[in-house]
1. For the list (1) crowded, with 18+ Cβ neighbours inside 10 Å; (2) at pLDDT below 75, I need the number of the one condition that Ala374 fails.
2. If only one of Pro115, Pro105 is modelled with pLDDT under 90, open to solvent by less than 70 Å² (accessible area, probe 1.4 Å) and not in a loop (DSSP other than H, G, I, E, B), which one is it?
3. Keeping to the stretch 239-259, report how many residues are among the basic types (Lys, Arg) and open to solvent by less than 20 Å² (accessible area, probe 1.4 Å).
4. When residues of the stretch 145-175 are filtered for being within 25 Å of His127 (Cα to Cα), of a type in the set (Phe, Trp, Tyr) and open to solvent by 20 Å² or more (accessible area, probe 1.4 Å), how many remain?
5. Which count do you get for residues in the stretch 204-238 that are in a strand (DSSP E or B) and surrounded by 15 or more Cβ atoms within 10 Å (Cβ to Cβ)?
6. Please tell me if Leu232 is aliphatic (A, V, I, L, M) and either out of contact with any helix residue (DSSP H, G or I) (no Cβ under 6 Å at 6 or more places or on another chain) or modelled with pLDDT of 90 or more (or both).
7. Going through the stretch 243-268 one residue at a time, which ones are part of a helix (DSSP H, G or I) and free of Cβ contacts under 8 Å to residues at least 12 places away in the same chain?
8. With the checklist (1) at pLDDT 70 or above; (2) outside any helix (DSSP H, G or I) in hand, flag the one item Ala351 doesn't pass.
Amino acid sequence: MFLRIVADSFGRRPRHKLLTGAALALGMGVATAALSVSLDVGDRLAKEFRSLGANLLVTPQADSLPLEIGGVDYRPVNAGAYLPEADLPKLKTIFWHNNIVAFSPVLDFRADIQPVKADQLQAAQPHPVQVIGAWVRQAISLPDKSSFITGVDSTNSWWHVDGNWFSDDHSGCVVGAKLASQMGIKVGDDVFVRAGESNVGNTVTLRVAGVLSTGSSEEEALVIPLHLAQWLTNRPGQYRKLYVSALTKPEDDFAKRDPKSFTPAEYDRWFCTPYISSIAFQIQQELPGTDVRVIRRVAEGEGAILTRVRMLLWLVTGAALLAAALAVGASSAASVIERRVEIGLMKALGAGSSTVGFLLVAEQLLLAFVGGGAGYALGIILARLVGQKIFGAVPEPSLIVFSVIIGLAAGVTILGSALPLHRASRIEPAPILRGE
């Protein structure tokens, strides 16, 4: 009988129900779009931010003081400490191994290079340059028997090569754009490289596969496969520094605290959250003898942008929910005023204030479920439009978001109707029956 009364009451006054349902649908639609984009935008933007470059730098703890000018390390080849290349697969065994999207070991040194051209009657003079040994699309075997492809083309995805990257199985190289312009080197030319002192160091002749543009000091350098750099410098299986690109969560005040001050529960929370500091700590545990530093200009820039985007989306969601609550409250107040006679008659027939209130709440909840469902469908369409136009990615429908939206619709409806329902419970039947 109760359900029959609710259904009958819900079918009456369709105008009020339509206006209230439309207000709920619009509010829940905006909330659905904002929540869907907010839940998806973090991962999307984090992946896009990886094009900014690596956010972690790994160097030997015992390394000598770098002598860098304009991003170029001028230490002798035999100066400083080195790290074993064989330990690199351990990066994919840390707790947040899935967040390590790319890494690239680098062995840089000074060497003399000399273009080799058959049409030149006299060989060009040797020119001292910075040589960078690195991986490009390198496949490495992981401890779980799977394969992982990584390299400097992944950690520094903004690097543009006119031509092709060298293949690690061949004797190729990539020359910086400024260096190529200065020395008249073009794709297809051969370059003679000598490391160490004249007539003493190792030498190799490399075919130029491409010209590199980075907008930085690498345009004045020569990039070669890591194994060739190790051979030229007599450092087999070693590298000098490692760039790591990791998906992280923006650091809050908790993450900026010293881990030594954490309680056991706080330490577990910090360790199990993909903060840049916790990932750096885990890398240092897996690679002993290393110093893992956060590249702050990248990490902090990512965190600031993500925090502001999420804050904006939450503010939009809050405004939409507030507007929906006000609309529901206004509609509910008008409905209670119109139904004063009906409510008075129900009380005169023996219905208590709790029964009347329960009936009205049931009507509002039914309206909330219908409006919330319609709003979710509208919000998914809006989220697809916003995601595609602004972020270039379409958020997928989520059962979690649907459950949250239905819960929010019910909460907003009850909150907006609280005052009118309270007034309805205080209506006295006698004045109503006398026509007052």
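1. (2)
2. Pro115
3. 1
4. Residues that pass the stated criteria total 2.
5. Residues flagged as in a strand (DSSP E or B) and surrounded by 15 or more Cβ atoms within 10 Å (Cβ to Cβ) within the stretch 204-238 amount to 15.
6. Answer is yes for this residue.
7. Selection gives Lys260, Ser261, Pro264, Ala265, Tyr267, Asp268.
8. (1)
The values are calculated or read from the model by the stated rules, or taken from the named source; none is laboratory data. Predicted model, so just to flag it, every value in this text is computed and none were measured. In this analysis, Cβ positions are derived from the backbone assuming ideal geometry, glycine residues included, and neighbour counts consider all displayed protein chains. Note: accessible area is taken over every heavy atom of the protein model, side chains too, but ligands, DNA and RNA are not part of it. Shrake-Rupley method; radii C 1.70, N 1.55, O 1.52, S 1.80 Å.
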